Amino acid sequence: MKQQRGMLDLSMAAIVAGLVVLTVVVGLVQQNRISKLRLQHADTLTGIAQANTKAYEALDRYRAAVDTAGRALAQQIQTQEGETNAKIEALSDLAGIERASRLRDQRTYDDSIRHWQGLARRASTDGERQATAAAIGVLADLHARLDERAGVYAGQADQCRVRGLACERAYQTVADMINAGPPKDE
């Protein structure tokens, strides 16, 4: 019996030693797997970091390009505003010249009316003269008002045209920039 017990103890010791060896081997295999997973994880994180770096660099380039385009657009708009203001000023000068011409024409017209009123006074009876003079005066006043309003409307139309053309140029500039798309990476 002692011998059987000794063999049993020996068998148990061999089994325990085998289990210990098996546990160590399994532990090493698991550690190897964990090490490989950690390496893969580290490689993945490195790849993500590199991709993020490239994305931020591309974003910085895009922002710089947008800023450059914005400054160029602001410069073009400022130039167009300057041109528009110069045209409006030139139109104002022309309007002043036209006003002076209208005043000169009005004086000529008034002189003509006075001349015809004088002829009407000399050629008719007293009642006819008054009626003719009144009618001529009403027509002259109506003509003067119409001429004045026509000048105002013409000046406003000229300014609207200049501003409209400037607006069209600004719109076309912005549309061209939008249609050109985002800046190309160099």
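Structure above, values below:
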| item | result |
| --- | --- |
| Residue within segment 18-32 that is loosely packed, with under 11 Cβ neighbours inside 10 Å, part of a helix (DSSP H, G or I) and either small (Gly, Ala, Ser) or within 51 Å of the chain's Cα centre (by Cα) (or both) present | yes |
| So Leu45, is it loosely packed, with under 11 Cβ neighbours inside 10 Å and in a helix (DSSP H, G or I) | yes |
| Residue in segment 106-149 that is modelled with the lowest pLDDT, counting only those that are surrounded by 12 or more Cβ atoms within 10 Å (Cβ to Cβ) and among the acidic types (Asp, Glu) | Glu128 |
| Qualifying residue in segment 56-69 (condition: small (Gly, Ala, Ser), part of a helix (DSSP H, G or I) and modelled with pLDDT of 85 or more) | yes |
| Flag if Arg33 is basic (Lys, Arg), out of contact with any Gly (no Cβ under 9 Å at 6 or more places or on another chain) and at pLDDT 80 or above | yes |
| Qualifying residue in segment 28-45 (condition: out of contact with any helix residue (DSSP H, G or I) (no Cβ under 6 Å at 6 or more places or on another chain) and touching a residue at least 40 places away in the same chain (Cβ under 8 Å)) | no |
| Test: residue in segment 150-159 that is surrounded by 13 or more Cβ atoms within 10 Å (Cβ to Cβ), of a type outside the set (Asp, Glu), in a helix (DSSP H, G or I) and without any contact (Cβ under 8 Å) to a residue 40 or more places away in the chain | no |
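The values are calculated or read from the model by the stated rules, or taken from the named source; none is laboratory data. These numbers were taken from a predicted model, which means no experiment stands behind them. Neighbour counts are summed over all protein chains in view; Cβ atoms, including those assigned to glycine, are modelled from backbone coordinates with ideal geometry.
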